[in-house]
1. Pairs only if they're at least six apart or on different chains, beta carbon under 9 angstrom, first in the range 18-47 and on the phi < 0 side of the Ramachandran plot and free of Cβ contacts under 8 Å to residues at least 24 places away in the same chain, second part of a loop (DSSP other than H, G, I, E, B) and surrounded by fewer than 13 Cβ atoms within 10 Å (Cβ to Cβ); list them, first residue then second.
2. Of the residues that sit in the range 75-94 and are in a loop (DSSP other than H, G, I, E, B) and loosely packed, with under 11 Cβ neighbours inside 10 Å, which one is modelled with the highest pLDDT?
3. Only one residue in 59, 12 is surrounded by 17 or more Cβ atoms within 10 Å (Cβ to Cβ) and either in a helix (DSSP H, G or I) or in contact with a strand residue (DSSP E or B) (Cβ under 7 Å, 6 or more places away or on another chain) (or both). Which one?
4. Among what's in the range 128-137 and is surrounded by 14 or more Cβ atoms within 10 Å (Cβ to Cβ) and in a loop (DSSP other than H, G, I, E, B), pick the residue that is modelled with the highest pLDDT.
5. Going through the range 31-47 one residue at a time, which ones are exposed (fewer than 15 other Cβ atoms within 10 Å of the Cβ) and part of a helix (DSSP H, G or I)?
6. Within the range 118-154, track down each residue that is without any contact (Cβ under 8 Å) to a residue 24 or more places away in the chain and more than 22 Å from the chain's Cα centre (by Cα).
């Protein structure tokens with residue numbers, strides 16, 4: 001099990017780094033596009049589309065790492081109002097519900113990615129980005145969260161004993 005934990009940690013950390021690079025990429029693209037548009041009067045026709053695809057990456061890739069760090073949405077007021085044992089049980093329930101959601105989203109994302117791949121669907125734009133690219137970002141990010149949640153649920157259940 002330790003090897004699976006290391007793989008899980010490595011995957012979530014790698015995707016987190018990818019999200020940081022994607023965020024920097026969005027920043028560079030937008031700044032260069034503003035300069036090109038307002039100084040040279042020649043904006044990049046592809047800038048908004050690439051930034052939108054990178055936004056999918058930036059929003060979904062860090063999910064597993066943020067869950068591991070406990071940096072996801074947390075309601076401290078609820079935690080303070082509950083006893084420690086009730087809070088632990090609630091954490092397991094939250095993890096289970098999130099696991100089901102991530103599992104369904106990963107499964108549906110895989111189906112959608114396969115569909116757009118087989119049909120060679122593209123963005124209706126000048127750049128014509130293949131739709132499997134942002135769809136695969138969804139599958140990678142939420143899939144990594146799914147596996148992180150399995151480990152978290154297992155640890156949470158152990159912690160209840």
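The values are calculated or read from the model by the stated rules, or taken from the named source; none is laboratory data. Only a predicted model underlies this, so the values are computations on that prediction, with no experimental measurement involved. Glycine gets a Cβ as well: all are built from the backbone with ideal geometry, and neighbour counts include every protein chain shown.
1. Close Cβ pairs (under 9 Å, with a partner that is part of a loop (DSSP other than H, G, I, E, B) and surrounded by fewer than 13 Cβ atoms within 10 Å (Cβ to Cβ)) amount to 36/42.
2. Initial filter on the range 75-94 (in a loop (DSSP other than H, G, I, E, B)): 75, 82-83.
Filter once more, so that each one left must be loosely packed, with under 11 Cβ neighbours inside 10 Å: 75, 83.
Working: 75: 73, 83: 86.
Selected residue: 83.
3. Numbers: 59 fails: surrounded by 17 or more Cβ atoms within 10 Å (Cβ to Cβ).
On inspection, the qualifying residue turns out to be 12.
4. Kept after step one, since they are surrounded by 14 or more Cβ atoms within 10 Å (Cβ to Cβ), are these residues of the range 128-137: 129-137.
Next cut, in a loop (DSSP other than H, G, I, E, B) only: 129, 131.
On the way: 129: 92, 131: 95.
Step by step, filter the range 128-137, then rank; the result is 131.
5. 31, 32, 34, 35, 36, 37, 38
6. Within the range 118-154, the subset without any contact (Cβ under 8 Å) to a residue 24 or more places away in the chain is 118-122, 124, 128, 130-132, 136, 154.
Once the filter is applied, which keeps residues that are without any contact (Cβ under 8 Å) to a residue 24 or more places away in the chain and more than 22 Å from the chain's Cα centre (by Cα), the range 118-154 yields 118, 119, 120, 121, 124, 128.
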